[in-house]
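Have a look at the structure below before the remarks.
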Amino acid sequence: MMIDWVTAKLPFHVPGRLHDGQVMSFDRHGEVKYHIDQRLPVVGSHSEKIHVRTAGLDANGDTCLIEFSGNPVKFLQGHNLFGPSNLRDLMCEAWLKVSEVLGIPQPPEVFDKIKAGTYTLSRVDLNEMYQFRDRAEVLAWLYTASQTSRTRNQGAVTKGSTVYWNKTSKRWSVKAYAKGQELALLRNKSQLLPESLRLFADPTLRIELTLKSDELRETGLYLAANWLTIEESTLFHDYVG
C-alpha cells in the first residue's frame with residue numbers, strides 16, 4: 001500500500017508571494033475584480049513535479065502557508081510503482097525536497113509543525129498493487145468486476161478498461177486498472193523505467209482510493225496529525241471492501 005497523491009496546505013515561509021504568475025479579471029472600467037495565483041511547478045526526480053503556491057500570508061505580507069498538490073512519491077523517486085505508505089513521514093520528505101529545490105531554507109520551528117502534522121489535507125489517494133499471472137488476467141478481472149460489483153448506491157462505471165466506483169462522489173471514489181497497460185500508453189515516460197520495473201508492472205492490477213475534502217473533514221482525517229492514530233492500509237481496505 002502506498003500514498004499516491006496529496007493536496008494539502010503546509011506551513012512554509014517565503015518572502016512575498018509564491019506563484020508562477022497570476023490570472024486577473026478586470027471589470028469594464030479596467031478595475032481589477034480579482035486575481036488568482038498560478039501554481040508553481042517544482043521539479044523533482046526524473047522531471048516529476050509538485051505544484052505549490054501561496055495559501056496564506058503573515059502580518060508582513062510574506063507567505064506562511066502554501067498549497068501543495070501532486071504525487072509526492074513520484075516527486076521523490078521518479079515513479080509510483082511502489083513507495084511509502086506513512087503519510088506524515090512522506091510529507092516530511094516531500095516538504096524538505098520542495099525547500100531544497102526552491103533554495104529556500106525553512107526555520108526549524110516550521111519543520112517541527114510538519115513533523116507534528118500541524119496542517120490540513122483536502123485530498124489523499126492511497127493505492128494497492130495486486131500481482132496476476134499476466135496482463136490478460138488483469139483485464140479479465142476488471143471486466144468481471146465491472147459487471148458484478150457495486151457500492152451501496154450504484155454499480156461500477158467503466159471507461160476503456162478502467163473501472164470506477166463512486167466516480168462522481170464529492171466524498172470518496174475508487175478506481176481499478178491494469179498498471180502495465182497504463183505504462184504502455186505512457187510510452188515516453190515508461191521508457192525511463194528500468195526493464196525490471198516494467199516487467200514487474202505488466203501483470204499488476206492497481207486499485208486506488210481517493211479521499212476527498214468532505215470525507216476527510218467528516219472523519220477528522222483532514223488534520224494530518226490525526227493520521228498518527230490510523231493504519232493507512234486498514235483505512236484503504238475498509239473503503240475498497
Exercise. Please tell me the relative contact order of the range 150-228 in percent, rounded to the nearest whole number, where contacts are Cα pairs under 8 Å and at least six residues apart.
Key: 27
Exercise. With θ set to phi - 60°, apply the Karplus curve 6.51 cos²θ - 1.76 cosθ + 1.60 along the range 176-185 and write out the HN-Hα couplings as whole Hz, x wherever there is a Gly or Pro.
Key: 9, 7, 7, 5, x, 5, 4, 5, 5, 6
Quiz item: Near residue 9, which aspartates and glutamates are there with a Cα under 12 Å away, not counting those fewer than 8 places off in the same chain?
Solution: 67
Quiz item: Would you list 91, 129 from the most to the least accessible area, probe 1.4 Å?
Solution: 129, 91
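Between residue 25 and residue 214, what length in nm is gained on full extension when 0.36 nm per residue of separation is reduced by their alpha carbon distance?
65.1 nm
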Exercise. Give the whole-number value, in cubic angstrom per residue, of the convex hull volume spanned by the C-alpha atoms of the range 39-93.
Key: 79
Quiz item: Computed on alpha carbon atoms, what radius of gyration and Dmax characterise the range 156-241, expressed in Å?
Solution: 15.8, 43
Practice problem: Counting helices only, and only those DSSP H runs with n ≥ 4, report the 222 nm mean residue ellipticity of the chain as the sum of -39,500 (n - 2.57) divided by its residues, in deg cm²/dmol to the nearest 500. | Solution: -9000 deg cm²/dmol
Quiz item: Residue by residue, what Karplus-based ³J(HN,Hα) values in Hz, rounded to whole numbers, does the range 52-57 have, using 6.51, -1.76 and 1.60 with θ = phi - 60° and x for Gly and Pro?
Solution: 9, 6, 4, 10, x, 10
Quiz item: In debye to the nearest 20, how big a dipole does the range 75-138 give about its Cα centre with +1 on each Lys and Arg Cβ and -1 on each Asp and Glu Cβ?
Solution: 80
Quiz item: For the range 116-187, what is Rg from Cα atoms divided by 2.2 N^0.38 Å, rounded to two decimals?
Solution: 1.32
Quiz prompt | Net charge dipole size for the chain [Lys, Arg +1 and Asp, Glu -1 on Cβ; Debye, nearest 20] | solution = 760
Quiz item: For the chain, which DSSP H helices look membrane-span-like by this rule: Cα extent along the axis of 15 Å or more and mean Kyte-Doolittle of at least 0.0?
Solution: 87-102, 135-148
Exercise. Give me the net charge of residue 63's neighbourhood, meaning all other residues with Cβ under 11 Å from the Cβ of residue 63; Lys, Arg count +1, Asp, Glu -1.
Key: -2
Practice problem: Taking only Cα atoms and a 10 Å spring cutoff, compute GNM fluctuations for the chain and point out the largest among 83, 30, 70. | Solution: 30
Practice problem: Note down, for the chain, the three equivalent ellipsoid semi-axes (square root of 5 times each alpha carbon gyration tensor eigenvalue), biggest first, whole angstrom. | Solution: 34, 21, 20
Practice problem: Show the residues, 5+ positions off or on another chain, whose built amide H is closer than 5 Å to the amide H of residue 5. | Solution: 125
Self-check item: Of 240, 155, 169, farthest towards positive along the dipole that unit charges on Lys, Arg, Asp, Glu beta carbons give the chain
Solution: 155
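Given a cut-off of under 8 Å on Cα pairs at least six residues apart, what relative contact order in percent is computed for the chain?
21
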Quiz item: Under a GNM of the chain (C-alpha, springs under 10 Å), which listed residue has the highest mean-square fluctuation: 206, 28, 150?
Solution: 28
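The values are calculated or read from the model by the stated rules, or taken from the named source; none is laboratory data. The model shown is predicted, which means the values in this text are computed figures rather than measured ones. For neighbour counting, all protein chains shown are included, and Cβ atoms are generated from backbone atoms with ideal geometry for every residue, glycine included. Ligands, DNA and RNA are excluded from the accessible area calculation, which covers all protein heavy atoms including side chains. Shrake-Rupley method; radii C 1.70, N 1.55, O 1.52, S 1.80 Å.
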